[in-house]
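Novice: Questions regarding the structure given below will be posed in turn.
Each value in this text was obtained by applying a stated rule to the coordinates, not by laboratory testing. The structure presented is a predicted model; accordingly, all values stated were derived computationally and were not measured. With ideal geometry, Cβ positions are generated from the backbone for all residues, glycine too; neighbour counts draw on all protein chains shown.
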Amino acid sequence: MKKNTFTSAYGIYKLTLELTGEYAGAFKKSLAYFAVAFITQGLAFGMFYPLLTRMFADDIIISEVLTILGIMILLSVVSLATKWKGHNFDFKGKIVDVVYSLRTKLGISLRKMPLEKLSAYKTGDLNAIFASNVEESVMLMGMVGSIIAQLLFLPTTIIAVTFFVDYRLALMMIVLFPLAIPLYYRIRNANIDDKREFNRANADLEAGFIEYIQGLPVLRAVNKTGLDAEKLQKAIKHVRSTQTQGLYKAQAPFVLMGIIVQAVLLVIVFFGSFFVLNDTLELVTLAACVVIVARLAEPISVLVNVIKLFDLIDSSFHRIKAVLTDEPLKIHDPVQKPENYDITFERVDFTYATQDKRAVKDVSFHMPNQTMTAIVGDSGSGKTTLTRLMMRYADTQQGNITIGGVDIRNMDSDDLMKHISVVFQDVYLFDDTILNNIKMANPDATDEMVKDAAQAAYCHEFISRLPDGYNTRTGDIGGSFSGGERQRISIARAILKNAPIVILDEPTAALDTESEVAVQNAIDKLVEDKTVIVIAHRLSTISGADNILVIDNGEIVESGKHDELIARRGKYFNMWSAQQRVKEWHISA
Amino acid sequence: MNRNNNSQKGLWAITGPVKGYIITAVGMAVTGSITSVMIFILLAASGGSLGLYSMPLSFQQSFLILVLVIILNFLINYYSFVVSHLGAFKLEEILRTRLTARLAKIPLGYIISTGTGSLKKVLLDDVKNLHAFVADSTPMVGKSLAAPVASFIALLIIDYRLAIVATGVLVLGAGIMYFVMKDDAGHREKYDENQSEVNRAVIEFVQAMPVVRTFDDGTTSFKRYYNALERFRTFGKAWIAATGTAGQIALTILNPLPTLLALTIAGLFFVTQGSLEFVPFIAALMVSTGMADALMPLMWMRDFLKKSKAAAVRIHGIMELPELAVSQSFERPEKFDIAFENVSFKYNSQDNYALKNVSFSVPQDTTTALVGPSGAGKSTVAKLIPRFWDITEGTIRIGGVDIRNIETKTLMDTVTFVFQDTFLFNDTLANNIKIANETATNEEMIEAARAAQIHDFIMTLPKGYETTAGDRGVNLSGGQKQRITIARAILRNTPVIVLDEATAFADPENEEEIVKALSNLLKNKTVIVIAHRLSTIKDVEQIVVFDQGEITETGRHDELLEKQGTYERLWRNYEKARTWDIHHEGEKS
């Protein structure tokens, strides 16, 4: 059992050392203290052998008994003191430092993680890693350290001491404790098997809940709610039945583990009685042995509960480590800076890591400095992927992308980002003042510059009308900003950044017409003198573009100016005509 | 204080349905503790019978009883867990069934505004949390409370003086623990506050990462994140400084060594005095295990209990939501004109009225458009008709009947809110359409699909109408999903249709088909449309213009233009937005 816990414990130990980083030394030190604590505790227990023998000898020699008792007390004091020292790791704040340093490292990793990797994480997963996984695993570190040390050193010391007293008793312990190993495995495996089946049932249930909640308007209309939502009720019942199925099997080893010490005691007493009867073992020694072994009951029953914790910590650590070890995209040598801002795609192929199909196929085009290029096509055709590749969302499998003649892989990532502003459809505002939300694009900007940018983005007016003006915190009134106002703040941010390349990804798609006009004006200001890439659904918006790329299935099928494309009567023409027809549609009763 | 009280009650009230299981499990856990103590006494007794001590039972007898008691102990512990788990499974089922039934009765508006994610979390995770409470905590609590008591009683019987000594150590430990926990409570709350502040910072940092990458060289957002970490560290240290030492003391006292030492010293004294014999002493040494050690799990479980309480509060929150008021006598509307009479409405959580004194009427089989700037109240009006919310003042009538007097089922058969339910069930396309009307024949269903412009597409799928939609089925584009839900609405054929035009064109794909499908749906119906593209409503019978929750104008398109009011302004804006093309003057080359 010790050995087994040892293997999984060793893994956790290694990971712990890795993640504690600069505090690994402190953690090791605390483990060393715990080791001493439990060895001395075992020795103190061991003193029962001589103590009880002397106490119940026919004639007690008080001085001898007191000496042994003294040693026992001394060992206990050493044990308690070292244990106290060991717990300094968690009770004197080191753990807080570890949490801090781990989260800082995670933050740095996240900043540098390739965007493709980043988007592969669900937001909830990353939140969990940063927040609860760090919290759970690190806060338990001290506790776990002490438990591992206890499991390793207490039984070993006791067995070793017993060996000197009576090797047969020691042998029984050596033989019996490892019996727990198969039990331990069964617990883990039962855990895993059950979990698989249970996870499936639970996933079904989760899907069922989502379907039920989202479908409620329909389900209500057709009276299929509550008990009449048969599928959902079945899923609920199924969870219960899978749980019940696994229950009897899964609980037995747990409980058996809990009484393993009792079983060992039983065997020791059984054989011990023979030894006592044929006078090869003193009864007092047997009694002392039983008293000592009984002391192992508690740590082992703790272990049963701790196995679950081990799994928790183990998976938390692995998830944290995965984030920490994610390699940022490599900057190729020599590192260069672009002189101008024309963008060229040369025979670019790209496939997302999670997909088999190529998202971009053999795409080549050139955007001269300070021109506007529009990308149009059906949703899912690869428009956004192209803009992502310009920002080095991920590296292409084939071909290269250059800005001002410099391959973007040769550009420092901060430098690359410095050249590009993006206006997204969804706007993210920090829970901070409006001033800081705009200013983040250029921390050196003066308040005047911020106001100028806001003016250019047509948001100065409504900001000034707020009671606290630019110092209004967005969190306080976040909800009461309209979509258009949020979008204009984000454009002010982009104007202040003044990057030579501007990417517009359907910036007005989610707006109502009232705010659209203001946002449109703001965009007109933003794109002055810039190299502009715009993704737009409404083709009239981009009819003035210097070049229009029509994308279908990851390929450029047409390109040219609006008039040329209309004259060609191809895909662009079809899209244009359909939009013209829809424009004319109106509801008539 | 009050809230705390509530949550205490909450946990008990909510586990009410499985109280029998809980009581049985706790009872068994208590019995288990008693048998554990008996095992130690029997061990000492069987040892004693080997020697010269006068024991009531022979070694064989006591050993046999020992074996039986250990088996009994195993069975009791085993079934205690089995029972508590069975109770937990049952509780999950009961709570989920009740919650889903509840969701069907509360205002749909609540469900929509709360969101699928949060509701699912309650149904899935919070319920799971209570499972853990019932399954694991209740037997543990039983054990932790019973073990010290049983051990104490056993010690009393063995030797009252040793009982006093052991209790003394325990009281000291418990006293310190009480001190630790008491001191803890205030800090704890502050800790939680800090904790959620860090979590907020984490979420912000993770979610804003795309924006951070483009707009921030790492100084602003990173600083915010760091600052939150820094504050958490400072606080954490202060917290530990205040409570850490006390925690360390508790861990030291609750170690087996102090009790054992105290008993040994006392025992030695009594033995030399001649007032304590071998067997009782050995028994006392073993039994004392149950005293201090048993308290440890209680310390561990506090966090756990808190989580369960929070979960219980959230579950109660849903259970206690008011149902939509149901009238005593239902009426069935014969006609389908709609009338708003002095309707005022505010959302539960807000002070301001979302609608103020709104009156208008929609004659049967005509179309009325609701227009206005965002937040003016037009979507609120639309949501009140199918009773997503109940109004605060006034009356809404369909065919002269107050909608509160129309049975839910009847109301649902009268009004369809298109696009509130673009959700497709994880079922065949045929069933997804047919759910609207179970008695419909296949021909009628196909007819509806045709009218919704989706039949041709469905026929191109290998499995046609038998294709499964949703997670495990074919991936449909947003536009295709919308048309399937239009087919559903066509098959439902309710006399009143409420349409949100903004969501209708949320997916820009296949606009033309959607337009055709909508035209078919709206034929010969009483229609209320929330309009954004003002061109679509040029010909409708009535346009109602909203601003800040009030009606400012009513009339036809031409009449409203002449009035030069809100509508005229909206129209001008609309025209401008529609004809915008990005004004880009960058090219210098």
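Novice: How big is the shadow of the Cα convex hull of the range A:36-185, averaged over all directions, in nm²? Intermediate values should be presented prior to the final figure.
Specialist: Details: hull surface 52.8 nm².
Mean projected area of the Cα convex hull: 13.2 nm².
Novice: Let me ask something else about it. Of A:Met141, A:Pro368, A:Val284, which is farthest along the charge dipole of chain A in the positive direction, counting Lys and Arg as +1 and Asp and Glu as -1 at C-beta?
Specialist: With unit charges placed on the Cβ atoms, the residue in question is A:Val284.
Novice: Let me ask something additional. Please list, ordered by chain and number, the residues whose modelled amide H lies under 5 Å from the amide H of B:Thr367; skip anything fewer than 5 residues away on the same chain.
Specialist: B:Val527, B:Glu541, B:Gln542
Novice: Within the set of other residues whose C-beta is less than 14 Å from the C-beta of B:Ser344, count the net charge using Lys and Arg as +1 and Asp and Glu as -1.
Specialist: My count for the surroundings of B:Ser344 gives -3.
Novice: Under a point-charge model restricted to the Cβ atoms of Lys and Arg (+1) and Asp and Glu (-1), what is the dipole moment magnitude of chain B relative to its Cα centre, in debye to the nearest 20?
Specialist: Working: 58 positive and 61 negative charges, 345 e Å.
So the dipole magnitude of chain B works out to roughly 1660 debye.
Novice: In chain A, which whole DSSP H runs stretch at least 30 Å along their own axis (Cα) and average 0.5 or higher on the Kyte-Doolittle scale? Walk me through the numbers before you get to the answer.
Specialist: Values: long enough: A:24-46 (32 Å, 1.00); A:62-86 (35 Å, 1.46); A:134-165 (46 Å, 1.73); A:180-221 (58 Å, -0.35); A:230-258 (41 Å, -0.42); A:297-324 (39 Å, 0.92).
Span-like helices in chain A: A:24-46, A:62-86, A:134-165, A:297-324.
Novice: I've got another one for you. Between their Cα atoms, which of B:Lys335/B:Lys523; A:Lys383/B:Lys538; A:Lys383/A:Lys530; A:Lys234/B:Lys90; A:Lys237/B:Lys120; A:Lys28/B:Lys190 are more than 24 Å away from each other? Walk me through the intermediate numbers first.
Specialist: On the way: B:Lys335/B:Lys523 17 Å; A:Lys383/B:Lys538 34 Å; A:Lys383/A:Lys530 20 Å; A:Lys234/B:Lys90 14 Å; A:Lys237/B:Lys120 17 Å; A:Lys28/B:Lys190 31 Å.
Cα-Cα > 24 Å for A:Lys383/B:Lys538; A:Lys28/B:Lys190; rest within.
Novice: A further question follows. Using helices alone, what [θ] at 222 nm do you get for chain A, with -39,500 (n - 2.57) per DSSP H run of 4 or more residues, divided over all residues and rounded to the nearest 500?
Specialist: Working: 25 runs with 371 residues, N = 589.
It lands at -20500 deg cm²/dmol.
Novice: How do the peptides B:104-117, A:87-100 rank, highest first, by the average count of neighbouring beta carbon atoms within 10 Å per residue?
Specialist: Ranked by mean Cβ neighbours within 10 Å, highest first: A:87-100, B:104-117.
Novice: Which percent, to the nearest 5, of DSSP beta bridges fully inside the protein assembly as shown are antiparallel?
Specialist: Working: 37 of 73 bridges.
That works out to approximately 50 percent antiparallel.
Novice: Here's a follow-up. Pull up all non-local amide H partners of B:Lys346: gap of 5 or more, or a different chain, and H-to-H distance under 5 Å with H placed in the peptide plane.
Specialist: B:Ala354, B:Thr392
Novice: At a 10 angstrom cut-off on C-beta neighbours, averaged per residue, how do the peptides A:219-229, A:238-248 rank from highest to lowest? Mind dumping the intermediate values first?
Specialist: Numbers: A:219-229: 19.2, A:238-248: 17.2.
Listed from highest to lowest mean packing, they are A:219-229, A:238-248.
Novice: If you don't mind, there's one more thing I want to ask. Could you give the alpha-carbon Rg of chain A over 2.2 N^0.38 Å, rounded to two decimals?
Specialist: 1.41
Novice: Considering every residue in B:362-373, what mean count of other chain Cβ atoms within 10 Å of its Cβ is obtained?
Specialist: If you average over the peptide's residues, the count of other-chain Cβ atoms is 1.
Novice: Give me, ordered by chain and number, the residues 5 or more places off B:Asp500 or on other chains with an amide H under 5 Å from its own placed amide H.
Specialist: For B:Asp500, the qualifying residues are B:Val418, B:Ile530.
Novice: Taking a ≥ b ≥ c as the square roots of the Cα gyration tensor eigenvalues, with a/c under 1.5 meaning rounded and otherwise prolate when a/b beats b/c, else oblate, which class fits the range A:129-183?
Specialist: oblate
Novice: Still on this structure: Rounded to a whole number, what is D in µm²/s for the protein assembly as shown from Stokes-Einstein with the Kirkwood radius over alpha-carbon pairs (10 °C, 1.306 mPa s)?
Specialist: Result for D is 45 µm²/s.
Novice: If you line up the long axis of helix B:2-14 against the longest principal axis of chain B, both from Cα atoms, how many degrees apart are they, to the nearest 10?
Specialist: That works out to roughly 90 degrees.
Novice: Write down the percent of antiparallel bridges among all DSSP beta bridges whose residues are both part of the range B:338-578, to the nearest 5. It would help to have the intermediate numbers written out before the result.
Specialist: Working: 18 of 36 bridges.
That works out to approximately 50 percent antiparallel.
Novice: Rounded to the nearest 20 Debye, what is the dipole magnitude of chain A about its Cα centre when Lys and Arg each give +1 and Asp and Glu each give -1 at the C-beta?
Specialist: The dipole of chain A has a size of about 1440 debye.
Novice: Run the quick spin-label model on B:Met459 and B:Phe269: label points 7 Å from Cα toward the beta carbon, then report their separation in nm to one decimal.
Specialist: 10.1 nm
Novice: Can you give the helix-only mean residue ellipticity at 222 nm for chain B, where every DSSP H stretch with n ≥ 4 adds -39500 (n - 2.57) and the sum goes over all residues, rounded to the nearest 500 deg cm²/dmol?
Specialist: -20000 deg cm²/dmol
Novice: Taking the mean number of other Cβ atoms within 10 Å as a proxy for protection, how do you rank A:462-468, A:519-525 from highest to lowest?
Specialist: Top to bottom by mean Cβ count within 10 Å: A:519-525, A:462-468.
Novice: Under 1.5 on a/c is rounded, so check that first for the range A:327-370, then, if it is not, pick prolate when a/b is larger than b/c and oblate when it is not; a ≥ b ≥ c are the square roots of the alpha carbon gyration tensor eigenvalues. Could the numbers behind the result be given before it?
Specialist: Details: a/c = 3.15, a/b = 1.29, b/c = 2.44.
It is oblate, given that a/c is not under 1.5 and a/b is not larger than b/c.
Novice: Return the percentage of antiparallel bridges among DSSP beta bridges fully within chain A, rounded to the nearest 5 %.
Specialist: 50 percent
Novice: To make sure I understand, if each residue's beta carbon is the centre and we count other beta carbons within 10 Å, what order do A:Ile320, A:Ile438, A:Ile313 fall in, fewest to most?
Specialist: Listed from fewest to most nearby Cβ atoms, that is A:Ile313, A:Ile320, A:Ile438.
Novice: While we're here: Given C-alpha coordinates of the range B:338-578, what is the ratio Rg to Rh with the Kirkwood estimate of Rh?
Specialist: Reported Rg/Rh (Cα atoms, Kirkwood Rh): 0.99.
Novice: Shifting gears a bit: If you take the charge dipole of chain B about its Cα centre, with +1 on Lys and Arg Cβ and -1 on Asp and Glu Cβ, which of B:Leu424, B:Thr100, B:Ile537 is farthest toward its positive end?
Specialist: Checked the options; the winner is B:Thr100.
Novice: In Å and from the alpha-carbon atoms only, list the Rg and Dmax of chain B.
Specialist: 35.6, 118
Novice: Using only Cα atoms, find the angle between the long axis of helix B:160-207 and the longest principal axis of chain B, and express it within 0 to 90 degrees, rounded to the nearest 10.
Specialist: 20 degrees
Novice: Label-point separation (nm) for A:Asp333 and B:Phe304, each offset 7 Å from Cα along Cα-to-Cβ?
Specialist: 5.6 nm
Novice: Here is a further query. Just checking the output field for A:287-299: average partner chain Cβ neighbours within 10 Å of each residue's Cβ? Please report the intermediate quantities before stating the final value.
Specialist: Numbers: counts 13, 2, 1, 8, 12, 2, 2, 10, 7, 1, 7, 7, 2.
That works out to 6 on average.
Novice: Among B:Leu42, B:Ala354, B:Thr116, pick out the residue whose Cα is farthest towards the positive end of the charge dipole of chain B, where Lys and Arg carry +1 and Asp and Glu carry -1 on C-beta, about the Cα centre.
Specialist: B:Leu42
Novice: Sticking with this one: Need one value for A:576-587: mean number of C-beta atoms belonging to other chains within 10 Å of its residues' C-beta atoms.
Specialist: Rounded to a whole number, the mean comes out at 6.
Novice: What is the gain in length, in nm to one decimal, between A:Ala120 and A:Glu564 on full extension, counting 0.36 nm per residue of separation less the C-alpha to C-alpha distance?
Specialist: 155.9 nm
Novice: Once R0 is set to 45 Å, what does the formula 1/(1 + (r/R0)^6) return for the Cβ-Cβ distance between B:Thr552 and A:Asp311, expressed as a FRET efficiency to the nearest 0.05? Mind showing how you got there, number by number?
Specialist: Working: r = 63 Å, r/R0 = 1.39.
FRET efficiency, B:Thr552 to A:Asp311: 0.10.
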